[in-house]
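Only one structure is covered here, and it is reproduced in the block below.
The values are calculated or read from the model by the stated rules, or taken from the named source; none is laboratory data. Because the structure is a prediction, the values reported are computed rather than measured. Reconstructed Cβ throughout: ideal geometry from the backbone, glycine too, with neighbour counts over all protein chains shown.
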Number of protein chains: 2
Amino acid sequence: MEEQHLESSDFLKDIVIGMSDGLTVPFALAAGLSGAVTQTSIITTAGIAEIVAGSIAMGLGGYLAGQTEVEHYESELKREFEEVERVPEREKEEVREVFADYGLDLATQNIIVEALAKDKKKWVDFMMKFELGLEKPDINRARNSALTIGVSYIVGGCIPLLPYFFVENSLDGLKLSAMITLLALFIFGYFKSKVTGQNPVGGALKVMTIGTAAAAAAFFVAKLF
Amino acid sequence: MEEQHLESSDFLKDIVIGMSDGLTVPFALAAGLSGAVTQTSIITTAGIAEIVAGSIAMGLGGYLAGQTEVEHYESELKREFEEVERVPEREKEEVREVFADYGLDLATQNIIVEALAKDKKKWVDFMMKFELGLEKPDINRARNSALTIGVSYIVGGCIPLLPYFFVENSLDGLKLSAMITLLALFIFGYFKSKVTGQNPVGGALKVMTIGTAAAAAAFFVAKLF
């Protein structure tokens, strides 16, 4: 048997993030409004405004968060380089602690420390990853990721909204919207779980639960007002 | 000088996640609707539906994602234990590769491998963290995190919506909403950046940019329909 650790690619992960929110929130918003107003034109306007707002908030928000992460990584990297120069003994002690936690004895710890200390760049890389748990972030990746998430949100958000364009009465729209959205959530949840190595039907039901709970709650709360 | 790596606590991070979306999306949705309808009552209904939908999607979505992560960790853990039993030589080779990347010579690699191999539990822990990059997730943490994010979304979302309850005309509501929301985004961005060790004013401006861009886009797109 091949050793194989299933890992969804970053691209697929971004599609999942954008689409799961895109299918859920506009669906629930439209459902909520269907409980309170009868005209579908208001629902489509609100839905479109939500999709625009949500995709920008998720996409631009994700991009700026990625930018902050790059800055954070660089300032920590600079700090580690300084510390390795200024207080090498303390940094060596930190390496020893990492391996002491894994039950390695002091002699082995010292061998590792001396081997790492030979190359400052690699030593700092090691500290970044194993002491601070930071991986080098990529700003191009942040930009692509933001775009993928934003577009997936728009695509996902259009599905629940579509029926409201074709019917006059909001409750008719809601019935159609619920049918196609629950189907879309099931299909989406199924493939998402397959890609991430989870149980497909269980995953599909989870995704449907979120959508249903959000839509039902929005429907009843909006009806109250 | 003390060595100090600024780290926001998980609790603060969750508040930031929930509140930044909560301040942005309902603000932009209300702005979008203000461009298309004159009655504030529709805007408050839509806003409330959005806050309910968004907080459930973020909170419940976050909880179920946390649950999936726990399952994923456990299945990978089981697999690593099996591999350490079944193909120990291949697993040893993987440990060597980790350290070869840091420039350690073969003799040092072998010392580490033999030391780790003495304790299978620690060896597997090491593989989980350093080969697969997986940390043990905590399902209680997922539940608390979901709750914090959901509540922060509600709190953040109520701020931009508040003015629409007190005025009749939607454009008057939008003016007041923009003022208090931009102020709230500035204050929020300022403290968020302070906590995460970023430049506070720069961070505050970034957060304001997202909110403004989302609201402006939603306003103009909704006006078209």
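Couple of notes before you dig in:
- Unmet criterion (only one of (1) free of Cβ contacts under 8 Å to residues at least 40 places away in the same chain; (2) in contact with an Asp or Glu (Cβ under 9 Å, 6 or more places away or on another chain)) for residue B:208: (2)
- Selection status of residue B:152, more than 13 Å from chain A (Cβ to nearest Cβ), farther than 21 Å from residue A:64 by Cβ and part of a helix (DSSP H, G or I): no
- Qualifying residue in the stretch B:41-55 (condition: within 15 Å of the chain's Cα centre (by Cα) and either in a helix (DSSP H, G or I) or under 15 Å from residue B:138 (Cα atoms) (or both)): yes
- Being at the interface with another protein chain (Cβ under 9 Å from one of its Cβ atoms), over 30 Å from residue B:192 (Cα atoms) and modelled with pLDDT of 90 or more is a description that does not apply to residue A:34.
- Of all the numbered requirements in (1) of a type in the set (Gly, Ala, Ser); (2) surrounded by fewer than 17 Cβ atoms within 10 Å (Cβ to Cβ); (3) part of a helix (DSSP H, G or I), residue B:133 misses one, and that requirement is (3).
- Of everything listed in (1) touching an Asp or Glu at 6+ places or on another chain (Cβ under 7 Å); (2) more than 15 Å from residue A:103 (Cα to Cα), the single unmet condition for residue B:127 is (2).
- Within the stretch B:196-214, being touching a His at 6+ places or on another chain (Cβ under 8 Å) and β-branched (Val, Ile, Thr) holds for one residue alone: B:196.
- Tally of residues being in contact with a helix residue (DSSP H, G or I) (Cβ under 6 Å, 6 or more places away or on another chain), at pLDDT 85 or above and farther than 14 Å from residue B:105 by Cα across the stretch A:104-119: 1
- Neighbours by Cβ (under 7 Å, 6+ apart or cross-chain): first from the stretch B:106-119, under 13 Å from residue B:88 (Cβ atoms); second among the hydroxyl-bearing types (Ser, Thr, Tyr): B:116/A:102
Residue by residue, here is whether (1) touching a Leu at 6+ places or on another chain (Cβ under 6 Å); (2) not acidic (Asp, Glu) holds:
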residue: A:32; (1), (2): no, yes
residue: A:35; (1), (2): no, yes
residue: A:43; (1), (2): yes, yes
residue: A:63; (1), (2): no, yes
residue: A:66; (1), (2): no, yes
residue: A:69; (1), (2): no, no
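- Check on residue B:221, more than 8 Å from chain A (Cβ to nearest Cβ) and either β-branched (Val, Ile, Thr) or surrounded by fewer than 21 Cβ atoms within 10 Å (Cβ to Cβ) (or both): no
- Residue ID - surrounded by the fewest Cβ atoms within 10 Å (Cβ to Cβ), chosen from residues in the stretch B:56-71 that are more than 7 Å from every other protein chain (Cβ to nearest Cβ) and under 14 Å from the mean Cα position of the chain (by Cα): B:65
- Of all the listed residues (A:114, A:97), the sole one being under 30 Å from residue B:120 (Cα atoms), facing another protein chain (nearest Cβ under 10 Å), surrounded by fewer than 16 Cβ atoms within 10 Å (Cβ to Cβ) and of a type outside the set (Gly, Ala, Ser) is A:114.
- Restricting attention to the stretch B:72-81, the residues being within 8 Å of chain A (Cβ to nearest Cβ) and surrounded by fewer than 18 Cβ atoms within 10 Å (Cβ to Cβ) number 3.
- Among the residues listed as A:25, A:37, the single one being more than 18 Å from residue A:143 (Cβ to Cβ) and outside any helix (DSSP H, G or I): A:37
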